[in-house]
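Colleague: Could you have a look at this structure, given as structure tokens, before my questions?
A short reminder: the numbers here are calculations on the coordinates, not readings from a lab. Remember, it's a predicted structure, so these values are computed and weren't measured experimentally. Heads up, the Cβs are rebuilt from the backbone with ideal geometry, glycines too, and the neighbour counts pull from every protein chain shown.
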Amino acid sequence: MEKRVFSGIKPSGNLHLGNYIGAMKQWVKSQEDGFNIFCVVDLHAITVFQDPTELKNNSYDLAAMLLAVGIDPTKSLLFVQSHNPDHANLAWILNCYLSMGQMNRMTQYKEKSEGKDTVSVGLFDYPSLMAADILLYKTTHVPVGEDQKQHVELTRDIAERINKKYGDIFVLPQASIPKVGGRIMSLSNPAKKMSKSVDDPSGTIGLLDSLDDVKKKIMSAVTDSDNKIVYDPENKPGISNLLEIYCQVSGVEMKDAQEKFSSISYGAFKTEVFESVSLFLSEIQQKFHEKRNINDLSATLEDGAKKAYAISHPILQEMYSRIGFI
Ligand code: AMP
Ligand code: TRP
């Protein structure tokens, strides 16, 4: 079977270097083989409240950033989830086959709902919509971070059960988790993942941050006191994270990077890390601004949604007919 890839990112805030290394960069590489489908998952974003103006801007920003980093709409499909109604329709059907017990075991839901006074039904149901995204396209591979593996397993499980009940209709997907770069850590607290969350601005390198800000953040990144530049995430999380970032943006191998930095100070090392990050960021920021044109983006996304619907709709129709809808 041809390799078919589906993945999504929520347009829910400031994109950062972790998103690039852990997701977008993998997507660009994935375009080298198979057929790839990439989605701006706005229906997933609203499982927690999104300011309407910000959601609009974030959706355009995300699409423009994906084009800037190298997603090529002539090779791959790029579209917005809410532009194809099949996603919400299949999610409803899957709801009726997923059990409360199964959904209650999802760790992302547990984490995201912890300590909240009210939680939307949508947040609970998030994995059903994600399963619909994946199954509508006969996806074989789903590039995601470690945290999303459980959702892909749930997708396999529901697909298998429906196939058993109604005859083969869905393809069973597998998660592809990057071996390196899957966890870029916060610069201010290298025990925590770099994240969109607003309470850790000094630990997060935004893809649209000014280079002055990035310099400040890298130069004040938390390290340790033994002055050796070696990759050892367990004992030297700060230095290892900077090494990882350096290798990911410059393309230099870890072994060569450690050799190159074997006899310099932490200050000089941080300057080198900043220089390679700044080279990378200035290039993608320039491309981002070229791509951030609403008319052009709308045309690209509309074309993507039409092509997506042409693939998903026959599969949804087949499901309707097997269930017994007239
Ligand atoms: P999120 O920011 O949680 O919406 O994640 C969007 C994508 O970026 C997902 O595929 C995540 O696995 C990936 N991602 C988010 N944060 C990081 C990080 N710190 N390191 C690596 N990948 C990340
Ligand atoms: N849940 C994913 C995340 O938080 C985003 C997502 C939505 C997704 N639908 C998907 C990823 C389908 C892969 C396939 O990162």
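Colleague: Please give the helix 149-166 orientation as an angle from the longest Cα principal axis of the chain, in degrees from 0 to 90, rounded to the nearest 10.
Modeller: That helix lies at roughly 20 degrees to the long axis.
Colleague: Filter the chymotrypsin sites (Phe, Trp or Tyr not before Pro) in the stretch 114-217 down to the DSSP loop ones having no more than 12 other Cβ atoms within 10 Å, then list what survives.
Modeller: Those that pass, being in a loop and sparsely packed, number zero.
Colleague: Could you give the length gained on full extension between Asp117 and Arg161, defined as 0.36 nm per residue of separation minus the Cα-Cα distance, in nm?
Modeller: 12.4 nm
Colleague: I need the phi-derived Karplus couplings for the stretch 63-77: 6.51 cos²θ - 1.76 cosθ + 1.60, θ = phi - 60°, integer Hz, Gly and Pro marked x.
Modeller: These are the phi-based 3J(HN,Hα) values: 4, 5, 5, 4, 5, 4, 7, x, 5, 10, x, 8, 9, 10, 8 Hz.
Colleague: Which FRET efficiency value, to the nearest 0.05, do you get for Arg322 and Leu208 by plugging their Cβ-Cβ distance into 1/(1 + (r/R0)^6) with R0 = 51 Å?
Modeller: The formula returns an efficiency of 0.65 here.
Colleague: What is the extension gain from Ala191 to Glu153, computed as 0.36 nm multiplied by their sequence separation minus the C-alpha to C-alpha distance, in nm to one decimal?
Modeller: So the extension gain works out to 11.0 nm.
Colleague: Still on this structure: Across the chain, where is the longest run that never hits GluC sites (Glu not before Pro) in a DSSP loop with at most 10 other C-beta atoms within 10 Å?
Modeller: The longest such stretch corresponds to 115-233.
Colleague: Under 5 Å between amide hydrogens, which residues at least 5 positions from Ser176 or on another chain qualify, with H placed 1.01 Å from N in the peptide plane?
Modeller: Residues meeting the criterion, in which the H sits 1.01 Å from N, are Val142, Val144.
Colleague: How are the C-alpha pair distances of the chain spread across 10 Å bins, as whole percents from the shortest bin up?
Modeller: Values per bin, smallest distances first: 5, 25, 32, 24, 11, 3, 0, 0.
Colleague: Something else about it: Please report the orientation-averaged projected area of the stretch 16-141, defined via the convex hull of its C-alpha atoms, in nm².
Modeller: Orientation-averaged projected area of the Cα hull: 8.8 nm².
Colleague: Here is a further query. log10 I(q)/I(0), Debye, Cα-only the stretch 1-48, no solvent, q = 0.18, 0.31 Å⁻¹?
Modeller: Normalising to I(0) and taking log10 leaves -0.62, -1.15.
Colleague: Taking the Cα centre as origin and putting +1 on Lys and Arg beta-carbons and -1 on Asp and Glu beta-carbons, what dipole magnitude results for the stretch 201-288, to the nearest 20 debye?
Modeller: Value, rounded to 20: 160 debye.
Colleague: While we're on this one: When only DSSP loop residues count, what trypsin sites (Lys or Arg not before Pro) in the stretch 157-223 have their Cβ near at most 12 other Cβ atoms within 10 Å?
Modeller: Answer in residue order: Lys179.
Colleague: Then there is this: Applying 1/(1 + (r/R0)^6) with R0 = 35 Å to the Cβ-Cβ distance of Asp224 and Cys96, what FRET efficiency is obtained, to the nearest 0.05?
Modeller: Working from the Cβ atoms, E equals 0.10.
Colleague: Collect residues whose amide H, placed 1.01 Å from N in the peptide plane, falls under 5 Å from the amide H of Val80; neighbours closer than 5 in sequence don't count.
Modeller: Val40, Ala305
Colleague: How big is the dipole moment of the stretch 19-122 about its Cα centre under a simple scheme where the beta carbon of each Lys and Arg is +1, that of each Asp and Glu is -1, and everything else is neutral? Debye, nearest 20, please.
Modeller: So the dipole magnitude of the stretch 19-122 works out to roughly 220 debye.
Colleague: Then there's this: Kindly provide the trypsin sites (Lys or Arg not before Pro) of the stretch 87-149 that DSSP labels as loop, not H, G, I, E or B, and whose Cβ sees at most 15 other Cβ atoms within 10 Å.
Modeller: In loop regions of the stretch 87-149 (DSSP not H, G, I, E or B), the sparsely surrounded trypsin sites (Lys or Arg not before Pro) are Arg105, Lys116.
Colleague: Considering the alpha-carbon set of the stretch 201-288 alone, what are its Rg and its Dmax in angstrom?
Modeller: My reading of the Cα-based Rg and Dmax gives 12.7, 40 Å.
Colleague: Relative to the Cα centre, what is the charge dipole magnitude of the chain, using +1 at the beta carbon of each Lys and Arg, -1 at the beta carbon of each Asp and Glu, and rounding to the nearest 20 debye?
Modeller: Dipole of the chain, to the nearest 20 debye: 580 debye.
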